[in-house]
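Laboratory data are not the source of any read-out in this text; all were calculated from the coordinates shown. Fair warning: this is a prediction, and the values are worked out from it, not measured in the lab. A quick note on method: Cβ atoms are made from the backbone with ideal geometry, for glycine too, and the neighbour counts reach across all protein chains shown.
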Amino acid sequence: MENLPRIADYFDRNKLRLVTAESCTAGLVVAILGDVPGCGSWLECSFVTYAPEAKCRILGVNPATIEKYNLTSEAVAREMVEGALRNSQATAAVANTGIAGPAPADGIPPGTICFAWGFEHEGTTR
């Protein structure tokens, strides 16, 4: 938490706008970021897509990606980032998906979290 002011300063200095796409954290990331003074200058919006159908409908995650790699996968997190950037005016995105617990799901142990970052650059996501 002590790094939040440095993160905010980085976004301000680089004129970046952030969008989050959250699954297993159910909005906790954006809630924490929203407590940072001045966050309105760099925090664009957030998508909380807990259900697989919401990831597909709202963020455009391909159902075939979920089928092939599972919900808790880097591939799904990447598609969540792409969808968040596509559906916002943000220039940077972070997404997470995972198994918060207490039991495994599809053989994946609780506590497994997949993150992805992405940046909008001249209309393409990197």
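Of note:
- Structural descriptor for the chain: relative contact order 26 percent, calculated from alpha carbon pairs under 8 angstrom and at least 6 residues apart.
- Taking 0.36 nm per residue of separation and subtracting the current Cα-Cα distance, fully stretching the chain between Leu28 and Asn62 would add 9.8 nm.
- Reported to the nearest whole Å, the Cα centre-to-centre distance from segment 27-56 to segment 77-121 is 12.
- 222 nm mean residue ellipticity, helices alone, for the chain (DSSP H n ≥ 4; -39,500 (n - 2.57); rounded to 500): -10000 deg cm²/dmol
- Each of Arg78, Arg86 has some number of other Cβ atoms within 10 Å of its Cβ, and from fewest to most they run Arg86, Arg78.
- In a reduced charge model with +1 at each Lys and Arg Cβ and -1 at each Asp and Glu Cβ, the chain shows a dipole moment near 160 debye about its Cα centre.
- Of the peptides 98-107, 64-73, the order by per-residue mean of other Cβ atoms within 10 Å, starting with the highest, comes out as 64-73, 98-107.
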